[in-house]
Amino acid sequence: MAEPLSPPRSCDRHLTERVVEVVRRHWNAPRKVERYSRPPKEKVEELARAALDTMLTRQYRVGPLPPPEVYDQLLLKVRKKVRKGRPIRIVLGYGPMKNQNAVPYSRADWAEFFALCHLVNWHNKVQAVYPPGLEIRIIFDDSTIRMANRGDPKLMRSYMNSVAEMIQALGFGSIFLRTFRQSTLAWGMYLGLWQFADWMVRRWERDPANKAQLEKMNEYARRNVVVPPGLSAEEREKYILEASHRYRVYWEALQWSLFTKGNFRIIAMYLDGSQHHIRETCALHLTTLDKGQITQPWQGQGCLMDNGHGKLEPFVLTAGRQACHRLQTVTGLNLVPLPGFDSIQIATRIPSEGPPRSPGPE
């Protein structure tokens, strides 16, 4: 763990002012959606393409632009909403708890604050070219984490409730629909799908061509799974590999359930889909806290990072990043009307001889 510096003295007033400026710059109200009639038929295609192209701008997109066949599938979903003059429906997959290997609590913090602000600014950008803009529903994959990682239900409820409360406290309720929990529909996974998915995954795991992806997914599990105390090294590894396998089984079952399909909504997720053994091709892969940021907000503590060029940027301090950053606490903030937001930490990278670690998936 990085050792926090002492709270700032009065001479750090300039730093506090910089923090306040960064928070206010990111925290924009959703643009009001005025009454909007259905567009003329001859305008539908133009509006649909303008909206989708705006949604795919580099500030919000991870990876290259989708290939033509995927673009056309996304455009079909957008066009259906534009034709009716309705907001474009986005369903965003979300972790149900904070990574307990990185933080000692499970509630929304500055990481979720900046992530929600980033989504609102995305809506505002789309709304400038298509007045109804976006409507976003966060779906927590609580059943996945409960089955795969043996996640604590109390910690999950705490986190999921805090995200829903934050949406309202920030004044974002006009574009965020009520949050949804995957467990509400998880019973469908047991109607023959679980056994079939397990068979499919084991076949995938035996294929030598998938060895590199399998190792990558096992590494993700090592970062995310909280291993019970008292296990030997061999038992720890077995526990982690079994969790990694269960995660793939649930994802496989989810694909066969057709839950992620449908032409009336667009599936969005953080990162580029490489964390799954089956890639969700017709999906938007989004940046998280800001342009260039890809670490999921639930993977660690939200803070600001001094980029060394005079700017403070939203940042997720994961378990793997804690040892290579110094932390300074700025207190006395009175901006966000929620518990725990009266202070924020500034992370500064500790110089090292080797190259910095790539900010890949945590």
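A search for C-beta distances below 9 Å between a residue of the stretch 191-212 that is in contact (Cβ under 8 Å) with a residue 60 or more places away in the chain and surrounded by 12 or more Cβ atoms within 10 Å (Cβ to Cβ) and any residue that is aromatic (Phe, Trp, Tyr) and not in a loop (DSSP other than H, G, I, E, B), counting only pairs 6+ apart in sequence or on different chains, returns Leu193/Trp256; Phe196/Trp256; Val201/Trp251; Asn210/Trp204.
Taking the residues in the stretch 333-344 that are out of contact with any Asp or Glu (no Cβ under 6 Å at 6 or more places or on another chain) and within 10 Å of Val19 (Cβ to Cβ) as candidates, determine which candidate is surrounded by the most Cβ atoms within 10 Å (Cβ to Cβ). That would be Ile344. Just one of the listed residues (Arg157, Arg150) is assigned to a loop (DSSP other than H, G, I, E, B) and either closer than 17 Å to Ala253 by Cβ or not small (Gly, Ala, Ser) (or both), and it is Arg150. Please enumerate the residues belonging to the stretch 216-235 that are part of a helix (DSSP H, G or I) and farther than 23 Å from His277 by Cα. Those that are part of a helix (DSSP H, G or I) and farther than 23 Å from His277 by Cα: Ala233, Glu234, Glu235. Criterion applied to Leu56, Leu74, Leu119, Leu47 was being buried (at least 22 other Cβ atoms within 10 Å of the Cβ) and either farther than 25 Å from Tyr220 by Cβ or out of contact with any helix residue (DSSP H, G or I) (no Cβ under 9 Å at 6 or more places or on another chain) (or both), and the one residue passing it is Leu119.
Filter the stretch 230-239 for residues that are over 13 Å from Asn101 (Cβ atoms) and either surrounded by fewer than 12 Cβ atoms within 10 Å (Cβ to Cβ) or not aromatic (Phe, Trp, Tyr) (or both) and give the result.
The answer is Gly230, Leu231, Ser232, Ala233, Glu234, Glu235, Glu237, Lys238.
Just one of the listed residues (Ala209, Ala115) is modelled with pLDDT of 95 or more and under 30 Å from His245 (Cβ atoms), namely Ala115. Answer yes or no as to whether Asn28 is assigned to a loop (DSSP other than H, G, I, E, B), polar (S, T, N, Q) and in contact with a Phe, Trp or Tyr (Cβ under 8 Å, 6 or more places away or on another chain). Spelling it out, it is not the case that Asn28 is assigned to a loop (DSSP other than H, G, I, E, B), polar (S, T, N, Q) and in contact with a Phe, Trp or Tyr (Cβ under 8 Å, 6 or more places away or on another chain). Considering every residue within the stretch 153-164, establish whether at least one is buried (at least 20 other Cβ atoms within 10 Å of the Cβ) and modelled with pLDDT under 95. Yes - at least one qualifying residue is present in the stretch 153-164.
For the condition touching a residue at least 24 places away in the same chain (Cβ under 8 Å), surrounded by fewer than 18 Cβ atoms within 10 Å (Cβ to Cβ) and part of a loop (DSSP other than H, G, I, E, B), what is the one hit in Thr295, Thr281, Thr288, Thr329?
Thr281
Take the stretch 240-278 and flag every residue that is surrounded by fewer than 18 Cβ atoms within 10 Å (Cβ to Cβ), touching a Leu at 6+ places or on another chain (Cβ under 7 Å) and either assigned to a helix (DSSP H, G or I) or modelled with pLDDT of 90 or more (or both). Listed by number, the list holds a single entry, Trp256. Whenever a residue of the stretch 65-86 is within 28 Å of Lys32 (Cα to Cα) and in contact (Cβ under 8 Å) with a residue 12 or more places away in the chain, its partners that are among the aliphatic types (A, V, I, L, M) and not in a helix (DSSP H, G or I), lying with C-beta atoms within less than 6 angstrom and at least six residues away or across chains, give the pairs Lys77/Ile266; Val78/Ile88; Lys81/Ile88.
The values are calculated or read from the model by the stated rules, or taken from the named source; none is laboratory data. Predicted, not measured: the structure shown is a model, and the values here were computed from it. Note that we place each Cβ from the backbone using ideal geometry, even for glycine, and neighbour counts take in every protein chain shown.
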